[in-house]
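What follows draws every value from the coordinates through simple rules; no lab data is involved. What you are looking at is a predicted structure, and each value in this text was computed from that prediction instead of being measured. Cβ: placed from backbone, ideal geometry, glycine included. Neighbour counts: every protein chain shown.
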Amino acid sequence: MRRVSALMRRQDAHSLYLSSAALLLGLTLVVDVVFHAGLGNPALTWGLLLFCVVGGCSAFLFGKQVPRWIGTLSVLIFIVAQTYYLSLADDPQAVISSAQQLPVVAFYLGWFVRPRLALLLVMLCLVSFGITMWMNPLFSADGVIGAPVAVHALLAMLFCFGAGLYLWRRQAQSAAIDPLTGTYHRRAIVERISHRLQRRSTRRDPFCLVVIDFDDFKRLNDTRGHAAGDEALFETTAGWRAELRAGDAVGRIGGDEFVLLLPHVRIEEAQCIVDRLRDGAPHPWSAGIAQSGAGDTPAAMLARADGELYREKQSKADRRVKNDG
C-alpha cells in the first residue's frame, strides 16, 4: 500500500489520464480478442493491446515526468489505427467499437495539447474519420450501421474536445491569475511584457510599465488585521481594472507590489493614467514608470520603474519628516 500511495503522489492529471485511457482502450481490445469471433487482422489488435499495456504502465510509473510528446505520438498512432478499423466494410462490430473510442482521444487533445496543435489534430481526425466513414458502405443510408451513427460519433468527438479545451483554459487561468485580486501572477505578467518587447512595432510604438507599491501597508496589516489589508488590495486593484483600457494588464509581483502594463503610451501619457488612478483610491500607493526602449528586457524595465518608485517613496518620506519637524 505504501508503494501504491507513493506512486499516486507522483501522478498529475496528464499521467493519470494517459494511464487510464490506455487501460480503457486496452480493455476494449481484450474484449475484441475474447468475444469477436471474426476478428480481422489479429496481429494489429495484439500489437495495439501490447502498446496500450506498456504505454499505460509506463505513464503511471513515470508520473509527472511523462513528456507531453508521448501523448501526442500516441494520438497519431490512434488516428492511424482507428482510420483502419473504421474502413472495415465487412466488420461492423470493429467499426462501431472504433467509433465509440473517438471521444477518449478528443478529450485528451482538448485538455493536454496546446490549442493550436490540438486544433490541427482534431481537424485531421475529422477529415480522416469523416472521409473513411463516408467511403465505408456500412455507413451509407441503407448500410448496416447507417449515416446517423457516423454523425453522432463525430459530434461526440467534437463535444469532448470542447470539454477538454474548457478544462485547459480553466487550468491555464488558475495558474496565471491571483485569486485575491484577479490580477496576473508575476510569471504571467512578465511573459506578457516579454511578448510585448518582442514585437517589431515596439520601437516606433513604445509602451510603459508602472511599478506600484502600497504605502504603509505593513502598518495597515498590523493595526487593522490582514483582512483589512486584503480588502484594500482587492478594492484598489478592482478600481484599476475598471479604469484601465481593454489591452492594459495588471500583475501582482509581490505582497503589495503590482505592475501595470500600458501598451501604446509614452511616459507622459502613463503619468496621466497614474494620476487618474490615484484619485479616489481606497489606499494610498506610490508608483514608478519606465518606458520601453531598444534592446530592453522585462528585468531592465522593472528595475528602472522600481528605481523611480523608490525615489517617489523617498520623496514622500522626506516631506513627512519635514512636516513633522
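Helix 13-35 and the long axis of the chain differ in direction by around 10°, with both axes built from C-alpha atoms. Taking the 0 to 90 degree range and rounding to the nearest ten, how far is the long axis of helix 298-324 tilted relative to the main principal axis of the chain, both from C-alpha atoms? That works out to roughly 30 degrees. Model label points for residue 119 and residue 166, set 7 angstrom from Cα along the Cα-to-Cβ axis, are 1.9 nm apart. Structural descriptor for the chain: relative contact order 14 percent, calculated from alpha carbon pairs under 8 angstrom and at least 6 residues apart.
Sites listed here are chymotrypsin sites (Phe, Trp or Tyr not before Pro) in the range 1-89 whose DSSP assignment is loop and whose Cβ has at most 16 other Cβ atoms within 10 Å, and the list is empty. Computed 3J(HN,Hα) for the range 241-249, one whole-Hz value per residue from the Karplus formula 6.51 cos²θ - 1.76 cosθ + 1.60 where θ = phi - 60°, is 5, 6, 8, 6, 6, 5, x, 6, 9, glycine and proline marked x.
Just check the range 2-176 against the gyration tensor rule for me: Cα atoms, a ≥ b ≥ c as the square roots of the eigenvalues, rounded for a/c under 1.5, and otherwise prolate or oblate depending on whether a/b exceeds b/c. Taking the square roots of the gyration eigenvalues as a ≥ b ≥ c, the range 2-176 is oblate.
Using R0 = 25 Å, the C-beta based FRET efficiency linking residue 16 and residue 96 works out to 0.35.
The range 81-128 and the range 142-167 have Cα centres separated by 9 Å. Going from the residue with the fewest nearby Cβ atoms within 10 Å to the one with the most, 199, 3 rank 3, 199. Among the GluC sites (Glu not before Pro) within the range 225-325, not one is in coil by DSSP while having at most 12 neighbouring Cβ atoms inside 10 Å.
What's the magnitude of the charge dipole for the chain around its Cα centre, counting Lys and Arg as +1 and Asp and Glu as -1 at the beta-carbon? Answer in Debye, nearest 20.
Here the chain has a charge dipole of around 740 debye.
Here the extension length gained between residue 173 and residue 241 equals 22.8 nm, from 0.36 nm per residue of separation less the Cα-Cα distance. Here Rg and Dmax of the Cα atoms in Å was calculated from the structure, and among (1) 19.6, 61; (2) 28.5, 98; (3) 21.1, 63 it sits at label (2). The dipole here belongs to the range 186-324: it is taken about the Cα centre, uses +1 on the Cβ of Lys and Arg and -1 on the Cβ of Asp and Glu, and is about 520 debye.
Helix 267-278 and the longest principal axis of the C-alpha atoms of the chain enclose an angle of approximately 90°.
Ordered by the count of other Cβ atoms within 10 Å of each Cβ, fewest first, 64, 313 give 64, 313. Summing charges over neighbours of residue 145, with a neighbour being any other residue whose Cβ is under 13 Å away from its Cβ, gives -3 when K and R count +1 and D and E count -1. Where in the range 28-55 does the label zone of residue 84 land, with the point 7 angstrom along Cα→C-beta and an amide N cut-off under 14 Å? Only 40-52 fall inside the zone, counting backbone N under 14 Å. Going from the residue with the fewest nearby Cβ atoms within 10 Å to the one with the most, 292, 286 rank 286, 292. Look at the dipole of the range 2-176 built from charges on Cβ: of 124, 35, 19, the Cα furthest out on the positive end belongs to 19.
Using R0 = 35 Å, the C-beta based FRET efficiency linking residue 279 and residue 300 works out to 0.70. Shown is the FRET efficiency for residue 64 and residue 2, computed with R0 = 22 Å from the Cβ-Cβ distance and rounded to the nearest 0.05: 0.70.
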